[in-house]
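The values are calculated or read from the model by the stated rules, or taken from the named source; none is laboratory data. All figures in this text were calculated on a predicted structure; none of them were measured in a lab. Virtual Cβ from ideal backbone geometry, glycine too; neighbours counted across all protein chains shown. Just the protein is used for accessible areas: all its heavy atoms, side chains included, with ligands, DNA and RNA removed. Shrake-Rupley method; radii C 1.70, N 1.55, O 1.52, S 1.80 Å.
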Amino acid sequence: MATHAGELTTAVRTVALRRSFGDRDVLAGIDLEIIRGEFVALIGRSGSGKSTLLRAVAGLDDSVAGSGEVWVPKRVSLVFQDARLLPWLRVLENIVLGQTGAGIKERGRQVLAEVGLGGRERAWPHELSGGEQQRVALARSLVSEPQLLLADEPLGALDALTRIRMHGLLRTLLRVHGPAVLLVTHDVDEALLLADRVLVIEDGRFSLDLHIDLPAKRNAAHPHFVRYRELLLASLGVDIDAATPSLDDSQEIS
(Lines give C-alpha, C1' and ligand atoms only; values in the text may rest on other atoms or scores of the structure.)
Protein backbone atom coordinates (compact mmCIF):
# COMPACT_ATOMS: atom_id res chain seq x y z
CA MET A 1 0.00 0.00 0.00
CA ALA A 2 1.27 3.49 -0.89
CA THR A 3 1.84 5.89 2.01
CA HIS A 4 2.43 9.61 1.96
CA ALA A 5 5.95 10.85 1.29
CA GLY A 6 7.30 12.78 4.23
CA GLU A 7 10.27 14.61 2.74
CA LEU A 8 9.60 17.92 1.05
CA THR A 9 12.01 17.23 -1.80
CA THR A 10 10.68 13.73 -2.56
CA ALA A 11 7.54 13.08 -4.59
CA VAL A 12 7.91 9.29 -4.94
CA ARG A 13 10.07 6.73 -3.22
CA THR A 14 9.95 2.96 -3.52
CA VAL A 15 12.20 0.58 -1.59
CA ALA A 16 12.75 -3.08 -2.56
CA LEU A 17 9.44 -3.10 -4.41
CA ARG A 18 8.42 -6.56 -5.62
CA ARG A 19 5.29 -7.69 -7.42
CA SER A 20 4.61 -11.22 -8.60
CA PHE A 21 2.08 -12.96 -10.78
CA GLY A 22 2.19 -16.66 -10.07
CA ASP A 23 5.80 -17.80 -10.08
CA ARG A 24 7.01 -14.76 -12.05
CA ASP A 25 8.50 -11.66 -10.41
CA VAL A 26 7.30 -8.73 -12.54
CA LEU A 27 9.03 -6.21 -10.26
CA ALA A 28 12.23 -7.62 -8.78
CA GLY A 29 13.15 -5.22 -5.97
CA ILE A 30 12.71 -1.73 -7.46
CA ASP A 31 14.31 1.24 -5.69
CA LEU A 32 13.07 4.53 -7.14
CA GLU A 33 13.12 8.17 -6.11
CA ILE A 34 11.46 11.01 -7.98
CA ILE A 35 11.96 14.52 -6.68
CA ARG A 36 9.30 17.23 -6.62
CA GLY A 37 8.65 18.69 -10.06
CA GLU A 38 10.71 16.04 -11.86
CA PHE A 39 9.35 14.46 -15.06
CA VAL A 40 10.34 10.80 -15.32
CA ALA A 41 9.47 8.64 -18.33
CA LEU A 42 9.42 4.86 -18.00
CA ILE A 43 9.96 2.74 -21.09
CA GLY A 44 10.49 -0.95 -21.77
CA ARG A 45 9.28 -3.91 -23.75
CA SER A 46 5.80 -5.30 -23.24
CA GLY A 47 5.71 -7.32 -20.04
CA SER A 48 8.77 -5.61 -18.57
CA GLY A 49 6.84 -4.23 -15.57
CA LYS A 50 6.09 -0.64 -16.63
CA SER A 51 2.37 -0.58 -15.88
CA THR A 52 2.82 -2.84 -12.84
CA LEU A 53 5.17 -0.26 -11.34
CA LEU A 54 2.80 2.60 -12.12
CA ARG A 55 -0.12 0.75 -10.52
CA ALA A 56 1.98 -0.02 -7.45
CA VAL A 57 2.87 3.66 -7.04
CA ALA A 58 -0.79 4.57 -7.56
CA GLY A 59 -1.86 2.10 -4.86
CA LEU A 60 -4.09 0.22 -7.32
CA ASP A 61 -2.62 -3.25 -6.82
CA ASP A 62 -3.48 -4.23 -3.26
CA SER A 63 -4.62 -7.66 -4.42
CA VAL A 64 -1.30 -8.44 -6.17
CA ALA A 65 1.31 -10.51 -4.33
CA GLY A 66 4.42 -8.55 -3.41
CA SER A 67 6.44 -6.65 -0.85
CA GLY A 68 8.41 -3.46 -0.41
CA GLU A 69 7.49 0.10 0.48
CA VAL A 70 6.00 2.99 -1.50
CA TRP A 71 5.77 6.65 -0.45
CA VAL A 72 3.76 9.20 -2.45
CA PRO A 73 2.43 12.72 -1.76
CA LYS A 74 -1.11 13.36 -0.58
CA ARG A 75 -2.44 14.71 -3.89
CA VAL A 76 -2.01 12.19 -6.72
CA SER A 77 -3.79 12.21 -10.08
CA LEU A 78 -3.91 9.63 -12.85
CA VAL A 79 -4.45 9.87 -16.59
CA PHE A 80 -4.79 6.83 -18.83
CA GLN A 81 -4.62 5.94 -22.53
CA ASP A 82 -8.39 6.25 -22.83
CA ALA A 83 -10.04 9.39 -21.49
CA ARG A 84 -12.52 7.47 -19.30
CA LEU A 85 -15.08 10.27 -19.38
CA LEU A 86 -18.54 9.46 -18.03
CA PRO A 87 -20.88 9.75 -21.05
CA TRP A 88 -23.85 10.89 -18.97
CA LEU A 89 -21.96 13.91 -17.57
CA ARG A 90 -21.08 17.08 -19.45
CA VAL A 91 -17.46 18.15 -19.84
CA LEU A 92 -17.27 20.44 -16.81
CA GLU A 93 -19.04 17.86 -14.62
CA ASN A 94 -16.48 15.24 -15.71
CA ILE A 95 -13.61 17.56 -14.82
CA VAL A 96 -14.80 18.38 -11.29
CA LEU A 97 -16.21 14.93 -10.50
CA GLY A 98 -15.23 13.99 -6.94
CA GLN A 99 -13.82 17.45 -6.16
CA THR A 100 -15.24 19.63 -3.39
CA GLY A 101 -14.74 23.12 -2.07
CA ALA A 102 -15.69 26.66 -2.92
CA GLY A 103 -14.96 27.74 -6.45
CA ILE A 104 -14.31 24.25 -7.81
CA LYS A 105 -16.43 24.82 -10.93
CA GLU A 106 -14.57 28.03 -11.66
CA ARG A 107 -11.34 26.10 -11.19
CA GLY A 108 -12.65 23.52 -13.65
CA ARG A 109 -13.40 26.22 -16.21
CA GLN A 110 -9.89 27.60 -15.76
CA VAL A 111 -8.12 24.30 -16.45
CA LEU A 112 -10.48 23.60 -19.35
CA ALA A 113 -9.37 26.90 -20.89
CA GLU A 114 -5.74 25.95 -20.23
CA VAL A 115 -6.13 22.81 -22.35
CA GLY A 116 -7.65 24.86 -25.17
CA LEU A 117 -11.31 23.94 -24.67
CA GLY A 118 -12.70 27.08 -23.07
CA GLY A 119 -16.40 27.40 -23.86
CA ARG A 120 -16.96 23.64 -24.15
CA GLU A 121 -18.08 23.20 -20.55
CA ARG A 122 -21.57 21.97 -21.49
CA ALA A 123 -20.51 19.68 -24.32
CA TRP A 124 -21.16 15.95 -24.03
CA PRO A 125 -18.14 13.62 -24.31
CA HIS A 126 -19.46 12.08 -27.55
CA GLU A 127 -19.39 15.52 -29.17
CA LEU A 128 -15.59 15.73 -28.75
CA SER A 129 -12.82 14.26 -30.88
CA GLY A 130 -10.42 11.73 -29.36
CA GLY A 131 -7.81 14.43 -28.85
CA GLU A 132 -10.34 16.75 -27.22
CA GLN A 133 -11.50 14.00 -24.89
CA GLN A 134 -7.92 13.41 -23.81
CA ARG A 135 -7.54 17.15 -23.16
CA VAL A 136 -10.56 16.95 -20.87
CA ALA A 137 -8.97 13.98 -19.09
CA LEU A 138 -5.80 16.02 -18.64
CA ALA A 139 -7.80 18.94 -17.26
CA ARG A 140 -9.52 16.56 -14.83
CA SER A 141 -6.12 15.30 -13.64
CA LEU A 142 -4.88 18.85 -12.99
CA VAL A 143 -7.94 20.43 -11.37
CA SER A 144 -6.87 19.23 -7.91
CA GLU A 145 -3.34 20.69 -8.34
CA PRO A 146 -1.67 17.29 -7.85
CA GLN A 147 1.80 16.95 -6.42
CA LEU A 148 2.23 13.78 -8.50
CA LEU A 149 0.75 12.95 -11.90
CA LEU A 150 0.81 9.30 -12.99
CA ALA A 151 0.28 8.82 -16.73
CA ASP A 152 -0.11 5.43 -18.42
CA GLU A 153 0.43 5.98 -22.16
CA PRO A 154 -1.98 8.95 -22.18
CA LEU A 155 -1.28 9.82 -25.83
CA GLY A 156 -0.95 6.29 -27.17
CA ALA A 157 -4.38 6.19 -28.85
CA LEU A 158 -3.97 9.52 -30.66
CA ASP A 159 -2.85 10.04 -34.24
CA ALA A 160 0.70 11.32 -34.84
CA LEU A 161 -0.19 14.98 -35.51
CA THR A 162 -2.48 15.19 -32.47
CA ARG A 163 0.25 13.66 -30.33
CA ILE A 164 2.75 16.29 -31.47
CA ARG A 165 0.32 19.05 -30.48
CA MET A 166 -0.33 17.36 -27.15
CA HIS A 167 3.41 17.20 -26.41
CA GLY A 168 3.61 20.99 -26.57
CA LEU A 169 0.48 21.37 -24.45
CA LEU A 170 1.80 18.95 -21.84
CA ARG A 171 5.12 20.76 -21.53
CA THR A 172 3.31 24.08 -21.05
CA LEU A 173 0.82 22.78 -18.51
CA LEU A 174 3.41 20.95 -16.45
CA ARG A 175 5.58 24.07 -16.24
CA VAL A 176 2.54 25.98 -14.93
CA HIS A 177 1.28 23.37 -12.45
CA GLY A 178 4.60 21.82 -11.48
CA PRO A 179 3.71 18.27 -10.41
CA ALA A 180 6.20 15.45 -10.44
CA VAL A 181 5.32 13.12 -13.31
CA LEU A 182 5.79 9.40 -13.88
CA LEU A 183 4.91 8.64 -17.51
CA VAL A 184 4.71 5.15 -18.98
CA THR A 185 5.24 5.22 -22.74
CA HIS A 186 6.29 2.93 -25.59
CA ASP A 187 7.53 5.89 -27.61
CA VAL A 188 11.24 6.72 -27.21
CA ASP A 189 10.92 10.12 -28.89
CA GLU A 190 7.97 11.03 -26.68
CA ALA A 191 10.06 10.24 -23.61
CA LEU A 192 12.90 12.44 -24.88
CA LEU A 193 10.62 15.30 -25.88
CA LEU A 194 8.99 15.46 -22.45
CA ALA A 195 11.11 13.99 -19.66
CA ASP A 196 13.94 15.19 -17.44
CA ARG A 197 14.93 11.57 -16.93
CA VAL A 198 14.22 8.29 -18.71
CA LEU A 199 14.21 4.91 -17.00
CA VAL A 200 14.41 1.67 -18.97
CA ILE A 201 12.91 -1.33 -17.20
CA GLU A 202 13.79 -4.87 -18.17
CA ASP A 203 12.83 -8.09 -16.38
CA GLY A 204 11.51 -6.12 -13.43
CA ARG A 205 14.68 -4.06 -12.89
CA PHE A 206 16.03 -0.76 -14.18
CA SER A 207 18.63 -1.40 -16.87
CA LEU A 208 19.23 2.31 -17.60
CA ASP A 209 18.67 5.57 -15.71
CA LEU A 210 19.31 8.40 -18.16
CA HIS A 211 19.22 12.08 -17.18
CA ILE A 212 18.25 14.25 -20.16
CA ASP A 213 20.25 17.43 -20.77
CA LEU A 214 18.31 19.22 -23.51
CA PRO A 215 16.96 22.75 -24.01
CA ALA A 216 13.42 23.47 -22.81
CA LYS A 217 12.33 23.75 -26.45
CA ARG A 218 13.35 20.35 -27.73
CA ASN A 219 14.24 19.36 -31.26
CA ALA A 220 14.69 15.80 -32.51
CA ALA A 221 17.57 16.99 -34.69
CA HIS A 222 19.63 18.20 -31.70
CA PRO A 223 22.86 16.15 -31.46
CA HIS A 224 22.19 15.25 -27.79
CA PHE A 225 18.66 14.14 -28.69
CA VAL A 226 20.04 11.86 -31.40
CA ARG A 227 22.61 10.40 -29.03
CA TYR A 228 20.06 9.80 -26.25
CA ARG A 229 17.76 8.16 -28.76
CA GLU A 230 20.50 5.79 -29.86
CA LEU A 231 21.27 4.85 -26.25
CA LEU A 232 17.63 4.17 -25.42
CA LEU A 233 16.92 2.16 -28.55
CA ALA A 234 20.07 0.10 -28.03
CA SER A 235 19.05 -0.57 -24.42
CA LEU A 236 15.71 -1.85 -25.73
CA GLY A 237 17.42 -4.14 -28.20
CA VAL A 238 16.28 -2.21 -31.27
CA ASP A 239 18.33 -2.23 -34.48
CA ILE A 240 19.37 1.44 -34.54
CA ASP A 241 20.09 1.40 -38.28
CA ALA A 242 16.50 0.31 -38.91
CA ALA A 243 14.93 2.93 -36.63
CA THR A 244 13.75 6.23 -38.13
CA PRO A 245 13.61 9.65 -36.38
CA SER A 246 9.96 10.40 -37.17
CA LEU A 247 7.15 10.18 -34.64
CA ASP A 248 5.47 7.07 -35.95
CA ASP A 249 5.02 3.42 -35.14
CA SER A 250 8.63 2.60 -36.07
CA GLN A 251 9.73 3.94 -32.67
CA GLU A 252 7.16 2.13 -30.56
CA ILE A 253 8.49 -0.86 -28.72
CA SER A 254 5.97 -3.68 -28.61
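Values as computed for the structure displayed
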| quantity | calculated |
| --- | --- |
| Carbon and sulfur %, accessible surface of the chain computed with the full protein complex present, 1.4 Å | 51 |
| Relative packing of 102-115, 169-182, which averages over residues the other C-beta atoms within 10 Å, highest first | 169-182, 102-115 |
| Cα-centred dipole magnitude for the chain, charges only on beta-carbon of K, R (+1) and D, E (-1), debye, nearest 20 | 980 |
| Protection-proxy order for peptides 60-72, 205-217, 28-40, 147-159, each taking the mean of Cβ atoms within 10 Å per residue, highest first | 147-159, 28-40, 60-72, 205-217 |
| The chain: relative contact order in percent, alpha carbon pairs under 8 Å with at least 6 residues between | 25 |
| Estimated dipole of the stretch 90-189 in Debye, rounded to 20 [Cβ of Lys and Arg +1, of Asp and Glu -1, Cα centre] | 340 |
| Accessible area expressed per residue, the chain, with surrounding protein chains retained (probe 1.4 Å, Å²) | 48 |
| The stretch 119-194: equivalent-ellipsoid semi-axes (sqrt of 5 x gyration tensor eigenvalues, Cα, Å) | 20, 17, 10 |
| Expected 222 nm ellipticity per residue - DSSP helices of 4 or more, -39500 (n - 2.57), all of the chain, to 500 | -9000 deg cm²/dmol |
| Antiparallel DSSP beta bridges within the chain, percent to nearest 5 | 50 |
